[in-house]
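Data block below; observations after.
The values are calculated or read from the model by the stated rules, or taken from the named source; none is laboratory data. Owing to the predicted nature of the structure, the values given are computational and were not obtained by experimental measurement. Backbone-built Cβ (ideal geometry, glycine too); neighbour counts: all protein chains shown.
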Amino acid sequence: MDLNSPSQNSGPAALDSTQFDFRALPEVAGRRKGEFQAIMRQSVLDEIHTHGQSSRDAEVCGVLVGMPCRDDAGPYLHVEACIRGENATSASANVTFTAETWTHIQAEMDRLYPDRKIVGWYHTHPGFGIFLSGMDLFIHQSFFDLPWQVAFVYDPLGGDEGSFVWDDGKPVRKAFLVQSDKPAGEQPVPVTPVVDSKPLGGKMGIYIVILILLLVLALIAWTLWMLFWMGGNQSALLIELQKSWVRLC
Ligand SMILES: [Zn+2]
């Protein structure tokens, strides 16, 4: 695919999944057997949402990265990552991939995903819903015209989102599915409050140790002083010590 030269096709050929990688996926809720659908990792959706929320006035865009795959339930598009379309220009309702955008995307593909494909694109419609405008259709037909490539639209103000899949030469909105990035069966780790396992650790511990040492020193000094003051009178000293200990306790 020459990213800088739009092709003149009006639509892609029919989907032929015989060459797709066989990649068994764990069950994804809502999957329709035999129907080609995009299965998006939750982390990709999160990134698109973050990108969209960062620009609530103007559209932003990027590409979707992954592989067309198949398993026992049929062909599907596995969307595993995305790349932001840096330097893309946008008016209020249109976004455009510039030559710089494509250069950046291709560099990121080579650097991070050399064994993956650009499987589609995403862009935002802040506040005006989910559809493909005339310009969107031009972009989709020009740059993403392989039968398994999808368009994803997200409205960061309304919160709605949708995927468009090629169907008989036209992009048609089809339900997409979400795959948790965590392995099946893995439960989220419960959040536990942070407890200081060394309550006497740090400066507080040092202060307490110094205080105890001072008390011991004071007690020794007091005992020695009493010994001298009593002048060797053992019984008086014992009585005085006894009284002092009772007071201390
Ligand atoms: Zn649009």
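Residues that are in a loop (DSSP other than H, G, I, E, B) and surrounded by fewer than 20 Cβ atoms within 10 Å (Cβ to Cβ) within region 109-131 comprise TYR113, PRO114, ASP115, ARG116, GLY127, PHE128, GLY129, ILE130, PHE131, listed in sequence order.
Just name the residue that is modelled with the highest pLDDT out of those in region 11-47 that are touching a Leu at 6+ places or on another chain (Cβ under 6 Å) and β-branched (Val, Ile, Thr). In this case the residue turns out to be ILE39.
With the condition kept exactly as written, say whether any residue in region 63-71 is in a loop (DSSP other than H, G, I, E, B) and either surrounded by fewer than 16 Cβ atoms within 10 Å (Cβ to Cβ) or over 17 Å from the mean Cα position of the chain (by Cα) (or both). No: zero hits. Summed over region 121-132, the residues that are among the aliphatic types (A, V, I, L, M) and either near the ligand (Cβ under 7 Å from one of its atoms) or touching a Cys at 6+ places or on another chain (Cβ under 8 Å) (or both) give a count of 1. Restrict the check to region 97-120 and report whether at least one residue is in the same structural domain as GLU35 (by TED's automatic domain parsing), farther than 15 Å from GLY52 by Cα, modelled with pLDDT under 95 and acidic (Asp, Glu). The answer is yes; a qualifying residue exists.
THR50: part of a helix (DSSP H, G or I) and at pLDDT below 95, yes or no? No; evaluated as a whole, the condition is false for this residue. Taking region 106-140 as the range and being hydroxyl-bearing (Ser, Thr, Tyr) and within 22 Å of ASP46 (Cα to Cα) as the test, the residues that pass are TYR113, TYR122, THR124.
Taken over region 133-161, the residue count meeting the criterion of being surrounded by 21 or more Cβ atoms within 10 Å (Cβ to Cβ), within 9 Å of the ligand (Cβ to nearest atom) and either part of a loop (DSSP other than H, G, I, E, B) or not hydrophobic (A, V, I, L, M, F, W, C) (or both) is 1.
Does region 85-108 include one or more residues that are in a helix (DSSP H, G or I), within 16 Å of the ligand (Cβ to nearest atom) and not small (Gly, Ala, Ser)? The answer is yes; a qualifying residue exists.
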